[in-house]
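What follows is a set of notes on a single structure, which appears directly below.
The values are calculated or read from the model by the stated rules, or taken from the named source; none is laboratory data. Just so it is clear, the model here is predicted, and its values are computed rather than measured. Virtual Cβ from ideal backbone geometry, glycine too; neighbours counted across all protein chains shown. Keep in mind that these areas ignore ligands, DNA and RNA; they rest on the heavy atoms of the full protein, side chains included. Shrake-Rupley method; radii C 1.70, N 1.55, O 1.52, S 1.80 Å.
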Amino acid sequence: MKKRVAVLLFAVCMTSLTACGGVVSGQVAEKVLEGLMTKDSGKDEEEKADNDGKIKDSKEKEEQNKGENSGQGEAETGEAADSADSKGIEKADSVADKAEKNKSLELRLEKRYLNEHNGSELLMQVEYPFLSVNQENFPGLFSAMESLNGECEAQAVQWKQKKLPYLQEAINYGYSRGYEYVQTMHVHRADAQLVSIIDEHYEYTGGAHGGIYFTSKTLDSATGRELSLADVTTDLQGLADAVIKELNKEYPVEYAPEGYRDTVESQIVKQGPDAYDASWALNYHGIIFDFGSYELGAYAMGCPEVIVPFDQYPGLIKEEYTRVPEEYVVSLKNATTVYEDVDGDGSLETVFVSAYGAQDGYRQTIHIYIDETSTEYNAEGWFNEAYLIHLKDGSLYLYVCVSAEDDERIIHIFRISGESAVFVEDAHGYFGDGMMENPGCFRVYDGLDALSTYSGYRDCRVGDGGRLEALDDAYTIVNYTYGDEPERHLTAKIPIPAWMISEDGSVAETPEQLPAGTRLYFRRTDNRTFVEMELEDGRRCQIRGDFTTWPKTINGIEENDCFDGIMYAG
């Protein structure tokens, strides 16, 4: 756990070299502001008063903020490489999508932006998360996430509207470094019972360094109802005592000579008029608590995190929340720390993945930390995210996803053995905005190039030895449109042989000729021998050819002699 504090301190210090200062909102802000702001104390006092209670007021201001936000900030094109542009609309095919839909929980976690530019210069970075779930299987959870997304957007809009005048004034006096507000969502548990989240807020507005504070949500997956600490624990005071005990184990008393009791009890047991909620999440082994800058002690303490393990405090958390599935996945999507008994000794180890030290080209050194032990691996790209996978037989695997040259995506697969990560093999693909929750079925995306360049996904599972196994032979093609653009399609230049597909999915044994001028829309492909297309009348067909060589051919004829509209990237 101390490893996480060191990494956070390192990240904050590095940030302070490239930009200036920050404040922490809510009641923690009163402590943070004392040390962060260096100019215009009158404005600081005004901002401090305005910022108090921002988190708790966000729901009331949500509708107003949404209205004020119209036209003010759209997602920055190209800033979220794996997600559709905020103006883009993913046209999911209704028939194939419903047939292939995984009935387990499906989460998508995107980044959205309200950045402020002066030409090509970034003046203000404002980033917030957008979390969604498959509505048809989890309607209550879907509604709860809509509310959560509204809160995140409202907080980002409010922050920008409030800080932009100060930034503009500072620029007039020669200040040349940007402000930052970044919300980072850490999903500690996501399954058919619970979605448990801690949201990290980083602010940076012109002082010596930035500040961090946390908020959290735990939602019942079946109903969408938000759970409180009183809902999940049998003893609030006992839980506070356990948190204090774990803090005393992990963080030296010199960081907080007065101790942690008053703050922790005020957050958990709600003692005193100024009490506010703790930031917590349930995972598969315990309940996690995060504390922001200055919340418990000196800035050098970093942002403490502790876990109260279920097995060390039996009966403290209600039984229904301590039951562990036979198989589960824990996300390291935003480089968070996860907890797992990796060596079978009954104690939890911390698992953390980081990447730094750029090698040649697109290569990075991946560091896989298990407690204080580090395994290094020279990746074939730049680190994006990772997932720790626990299978029924007790084996543990780590999927580390990287972006390589020419937009290639690679999943490096490791087996966790004791406190070491042993490389297994590489697989092609990426998770995009999707998140892996179920080892038995999850979507993997890949770049495809049959009759054009596009992306698609297919259902996969974690197979023997941790290897990635596809459950589908064909990819469902993802079609994006921007603004009022029509959906991308091909137009036949000459009569084209097509194997028609019946409503039951069977494919004709002999082709029929599609006349020149026929429009065809992309639906599915194996990226080798066929592309399934939809005609304007709704019928489907396979266009067959050799799509593994260059030039690609259809019935021996080069593809560009067969179709208009073929487009390849690069």
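Relative intensity of the stretch 273-321 on a log10 scale, I(q)/I(0) at q = 0.15, 0.27, 0.33 Å⁻¹, equals -0.51, -0.98, -1.18, per a Debye sum over C-alpha point scatterers of equal strength in the absence of solvent.
Can you give the charge dipole size of the stretch 412-560 about its Cα centre, rounded to the nearest 20 debye, using +1 on the beta carbon of Lys and Arg and -1 on the beta carbon of Asp and Glu?
Values: 15 positive and 27 negative charges, 43 e Å.
Dipole about the Cα centre, nearest 20: 200 debye.
Calculated translational diffusion coefficient of the stretch 326-484 (25 °C, 0.890 mPa s; Stokes-Einstein with Kirkwood radius over alpha-carbon pairs) equals 150 µm²/s.
Please work out whether the stretch 467-506 counts as rounded, prolate or oblate from its C-alpha gyration tensor, where a ≥ b ≥ c are the square roots of the eigenvalues and a/c under 1.5 means rounded, while otherwise a/b larger than b/c means prolate and anything else oblate? Mind dumping the intermediate values first?
Values: a/c = 2.26, a/b = 1.18, b/c = 1.92.
Cα axes put the stretch 467-506 in the oblate bin.
Each other residue within a Cβ distance under 12 Å of Thr548 adds +1 if Lys or Arg and -1 if Asp or Glu, for a net charge of -1. Given H placed 1.01 Å from N in the peptide plane, which residues other than close sequence neighbours of Thr218 have an amide H under 5 Å from its amide H? Under 5 Å from the amide H of Thr218: Ile197, Leu227. Rounded, prolate or oblate for the stretch 341-411? Axes are the square roots of the Cα gyration tensor eigenvalues, ordered a ≥ b ≥ c, and the cut-off for rounded is a/c under 1.5. It comes out oblate by the Cα gyration axes. Over all other residues within a Cβ to Cβ distance under 14 Å of Leu468, the charged ones net out to -1, with Lys and Arg as +1 and Asp and Glu as -1.
For the stretch 267-397, a/c is not less than 1.5, where a ≥ b ≥ c are the root eigenvalues of the C-alpha gyration tensor, and a/b does not top b/c. That puts it in the oblate class. Nonpolar atom fraction for the stretch 355-441, defined as the carbon and sulfur part of the 1.4 Å probe accessible area, stands at 41 percent.
Which values, in whole Å and largest first, are the semi-axes of the equivalent ellipsoid of the stretch 451-566 obtained as the square root of 5 times each eigenvalue of the Cα gyration tensor?
Details: eigenvalues 126, 58, 48 Å².
For the stretch 451-566, the semi-axes come out at 25, 17, 15 Å.
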